[in-house]
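Each remark here refers to the structure printed beneath this line.
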Amino acid sequence: MEKGATKRIVMTGGGTAGHVTPNIALMPALKDAGYDITYIGSYNGMEKELIEAQKIPYIGISSGKLRRYFDWKNFSDPFKVLKGYSQAVSALKKIKPDVVFSKGGFVSVPVVLAAKRCHIPAIIHESDITPGLANRIAIKGAKKVCCNFPETMKYLPADKAVLTGSPIRQELFKGNADAARTLCGFPDHSKPVLLIVGGSSGSKVVNEAVRKILPELLEEFYIIHLCGKGNLEEHLKGVIGYAQFEYASSELTDMFALADMAISRAGANSICELLALHKPNILIPLSAVASRGDQILNAKSFQKQGFSYVIEEEALTDQVLLKAVHEVYQNRSQYIQAMSESGQMDSIGTIMKLIEAEAR
């Protein structure tokens, strides 16, 4: 690259918040390094709203899901992927980026393969212990593959694999606890705060288990419950000490600052944020019946390292959850110590070095 020339990067990833927020975490460092950023995502995926809120140019392409089970859409979605590939090739030829960075999700596959076609180096990031189907396809077009867990390295090509950890949004460390207390309507500082995060779409089983033991929990905790869209309970509005929200965006940093412990699904991005913030936590991974089992592996890794208490979804009952909450809170100092000694990596710095090295 000529000295003084404008540097360009295309970022991609979508489908869930976990495929977008690490990209957002990288953006300030990319801007500081002088990169013009363009984002390629699906036409109407959740990534579109999240990225446009960052004032980043956004290009929507056709995307389809690649399934390993029977669905009538399996006959039409390959054509959507091919269309997305053609659109991505056109976009890359127009933008002429120096490098592509992908966080995964099915929309990223045509972008990474288009980058290979256009001879543009691509770096991809795998959050989970075992690569998902989208990234397993995209690896073929990537120069480097970043990962969160040491266990992941054996699943990746040795010449491409780099252990980086997950990029964490720096604003997460700057939350205002008092602002969250006011937002939630908690009357004082007399109780610790329990934050419940069910993932970007909420979790029916977690919500039900929490609400069954709400009276018992409220004796000891103030509760912030992010329950997912359409999952608010009208009869619980106005209950003192219980604040329910469909989701949180900018307010989440303040909620984290206020929280003393958390109950969460075990998506890689979410648990890496809990680790970075040293929040004692209970993980309830998505069951293998409803997923490929990646959250179970993530959770077991964190449990083995002493960062988390894990309840598998099949074993979840209201009383099991209540017992776990009391146990984790009583032993919170042990979890905090384990997380503080984890030797977390400078993920953003490491990934930026890879981007600079691969940029043409």
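No lab work stands behind these numbers, since they all come straight from the coordinates. Everything numeric in this text was worked out from a predicted model, so none of it was measured. For neighbour counting, all protein chains shown are included, and Cβ atoms are generated from backbone atoms with ideal geometry for every residue, glycine included.
For the residues Ala53, Ala138, Ala114, a GNM of the chain with alpha-carbon springs under 10 Å puts the largest fluctuation on Ala53. Taken along the Cα-to-beta-carbon direction at a fixed 7 Å, the label points for His119 and Lys160 span 2.0 nm.
For the chain, a Gaussian network of Cα nodes joined below 10 Å ranks Gln303, Gln54, Gln295 by mean-square fluctuation, and the top entry is Gln54. Here the dipole of the chain is about 1900 debye; that uses its Cα centre as origin and unit charges on the Cβ of Lys and Arg (positive) and Asp and Glu (negative).
Distance cut-off 27 Å, Cα to Cα: go down the list Lys93/Lys154; Lys55/Lys174; Lys143/Lys174; Lys80/Lys160; Lys93/Lys160; Lys191/Lys279 and report the pairs above it. Violating the 27 Å limit, Cα to Cα: Lys93/Lys154; Lys143/Lys174; Lys80/Lys160.
Report the net charge of residues surrounding Ser102, where surrounding means a beta-carbon distance below 14 angstrom and charges are Lys +1, Arg +1, Asp -1, Glu -1. Mind dumping the intermediate values first?
Numbers: positive: Lys103, Lys116, Arg136, Lys140, Lys143, Lys144, Lys160; negative: Glu47, Glu126, Glu358.
Residues near Ser102 contribute +4 overall.
In this label model, Val289 and Ser86 are separated by 4.2 nm, measuring between points 7 Å along each Cα→Cβ vector. Each of Ala248, Ile355, Ala179 was placed along the dipole of the chain (beta-carbon charges, centred on the mean Cα), and the one lying farthest toward the positive end is Ile355.
Between Ser333 and Glu171, the modelled label-to-label distance comes to 3.5 nm, taking each label 7 Å out from Cα in the direction of the beta carbon.
Would you please calculate the Kirkwood hydrodynamic radius of the chain over all C-alpha pairs and express it in Å, rounded to one decimal? Intermediate results must be reported in sequence, preceding the final value.
Working: mean 1/r = 0.0471 Å⁻¹.
Result for the chain stands at 21.2 Å.
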